[in-house]
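Since the structure comes first, as C-alpha cells, the remarks are kept for the end.
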Amino acid sequence: MSDILQYTFMQNALIGAFWASIICGIIGTLVVTNKMVFLAGGIAHSLYGGVGIAIFLGFPIIIGTAFFSVACAIFLGIMLLYAKERFDALIGSLWAFGMAVGIILVELSPGYNKDFMGYLFGSILSITDNDIYSMIIFSGFLFCFVWLNYRVILGISYDSEFTQLQGINTKVFNILLMIIIALGIVISMHSVGLILIIALLSIPAYCSEVFTNSLAKMMIASSCISFIAMIGGILIAYFYDFAAGASIVVVLCVLSFILILGNYFCHKQFSKP
C-alpha cells in the first residue's frame, strides 16, 4: 500500500474519493428520503448537454455543466408543481434531450478530439487538484446548508404537509434541494461519471437507511459506505487495469448486498423465540 501512495495521481484519487463520498453521502440521503432517485438520474444524464454546450462555446466544462444543471433543476422543480401526473415522462424526455444535445454539440466542435468517456463513466485516477478544491468548497457549503436547515430538511423528507403548515414554503425549498443535488452531481462527476453517479447517490443511502434511525446518522453511514466502495474500486482499477468508475460501482453493489443480507440474518437470528 505504501508503494501506491508514492504516486501523486493515487494520492489525489484517494483524497478525491474521501470528499466525493461525503458529497454523495449527504446528497444521496436527500435523494433517497425525498424519493428523488429517478429525478437525480435524469439530471445526471441530461448534464451531458452541459458538457457539449461548454465545449462548443469554449467555456470551462465545470462552469457549463453547473449552469446547465441549475437550469435543469429549476425547470424540473417548476414542472413538478404543474405537471406532477406525468413528471416521470418529463424527466425521461429531459434525460434523452440532454444526452442528444451533448453528443451533437461535441461532434460540431471542430478540432476537439478529447475522449469524453471520462465524463460518462468517470476517471477518478486522473482527478486534479482543482477538482479536489471544488469538492472541499462544495462539501463545506453542503455541511453548512444541512446544519442550518436540518429541521426543515427532516420535515420535508418525512412529512412535507405538516412542514408546510408550519409556514415553510416547501415548494421553493424542494427546488433549492434539486439545485443542490444537481450541483453535487456536477462536482462529483469526475469520480464515477454522469452515468454511474446514480449508484453512489442511491445505493449507500438505501443501505444506511436499513441500519440507522436518524437522518444525520444516515448521511454519515452513507458517506462511510461510499468511501469504502470507492477505495476498493480504486485499488481494483489500479491492480487489474479496470475502469475505475465501473469498479467502484461493482464493489458498492457487492458491499451493499453483503450488508443487507447480513442485516437480514442478524434480525432473523435475534428474532427467534
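The values are calculated or read from the model by the stated rules, or taken from the named source; none is laboratory data. A quick note: this is a predicted structure, and the numbers were derived from the prediction, not measured. When we count neighbours, we look across all protein chains shown, and the Cβ atoms used for this are built from the backbone with ideal geometry, even at glycine. Accessible surface areas use protein heavy atoms only, side chains included; no ligands, DNA or RNA. Shrake-Rupley method; radii C 1.70, N 1.55, O 1.52, S 1.80 Å.
Take region 15-39 and flag every residue that is over 17 Å from Ile153 (Cα atoms) and in contact (Cβ under 8 Å) with a residue 60 or more places away in the chain. Please lay out each step first, then the result.
Applying the first criterion (over 17 Å from Ile153 (Cα atoms)) to region 15-39 yields 15-22, 38-39.
Ile15, Gly16, Ala17, Phe18, Trp19, Ala20, Ser21, Ile22, Leu39, listed by residue number.
Determine, yes or no, whether Ile43 is modelled with pLDDT of 90 or more and in a helix (DSSP H, G or I). Reasoning before the result, please.
Values: modelled with pLDDT of 90 or more: no; in a helix (DSSP H, G or I): yes.
Answer is no for this residue.
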Exercise for the section: Any chance you could count how many residues in region 122-177 are among the aromatic types (Phe, Trp, Tyr), open to solvent by 70 Å² or more (accessible area, probe 1.4 Å) and modelled with pLDDT under 90? Expected result: 2
Fill in the blank from the handout: For region 150-189 the number of residues that are under 22 Å from the mean Cα position of the chain (by Cα) and either closer than 30 Å to Asp129 by Cα or aromatic (Phe, Trp, Tyr) (or both) is 17
Exercise for the section: Would you confirm whether any residue within region 213-221 is surrounded by fewer than 19 Cβ atoms within 10 Å (Cβ to Cβ), within 22 Å of Leu154 (Cα to Cα) and among the β-branched types (Val, Ile, Thr)? Expected result: yes
Problem - Test result for Ile55, more than 17 Å from the chain's Cα centre (by Cα), of a type in the set (A, V, I, L, M, F, W, C), within 17 Å of Leu183 (Cα to Cα) and open to solvent by 10 Å² or more (accessible area, probe 1.4 Å) - result: no
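Of all residues in region 68-84, which are surrounded by 15 or more Cβ atoms within 10 Å (Cβ to Cβ) and either of a type in the set (A, V, I, L, M, F, W, C) or modelled with pLDDT of 85 or more (or both)?
Residues of region 68-84 that are surrounded by 15 or more Cβ atoms within 10 Å (Cβ to Cβ), as a first pass: 68-77, 79-80.
Matches in region 68-84: Phe68, Ser69, Val70, Ala71, Cys72, Ala73, Ile74, Phe75, Leu76, Met79, Leu80.
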Fill in the blank from the handout: Given the conditions (1) under 30 Å from Ile63 (Cα atoms); (2) small (Gly, Ala, Ser); (3) crowded, with 22+ Cβ neighbours inside 10 Å, every one holds for Ser208 apart from (1)
Practice task
Kindly indicate whether any position in region 105-112 is at pLDDT 85 or above, open to solvent by less than 70 Å² (accessible area, probe 1.4 Å) and over 17 Å from Ile198 (Cβ atoms).
Solution key: yes
Handout entry: Residues that are surrounded by fewer than 21 Cβ atoms within 10 Å (Cβ to Cβ), hydrophobic (A, V, I, L, M, F, W, C) and part of a helix (DSSP H, G or I), drawn from region 238-256
Key = Phe239, Ala246, Val250, Val251, Cys253, Val254, Leu255
Exercise for the section: Report, ordered by the first and then the second residue, all pairs with beta carbons closer than 7 Å, sequence separation of six or more or different chains, a first member in region 104-115 that is closer than 12 Å to Gly52 by Cβ, and a second member that is at pLDDT below 70 and open to solvent by 100 Å² or more (accessible area, probe 1.4 Å). Expected result: none
Problem - Options Ala66, Ala96; residue that is under 18 Å from Met189 (Cβ atoms) and in a helix (DSSP H, G or I) - result: Ala66
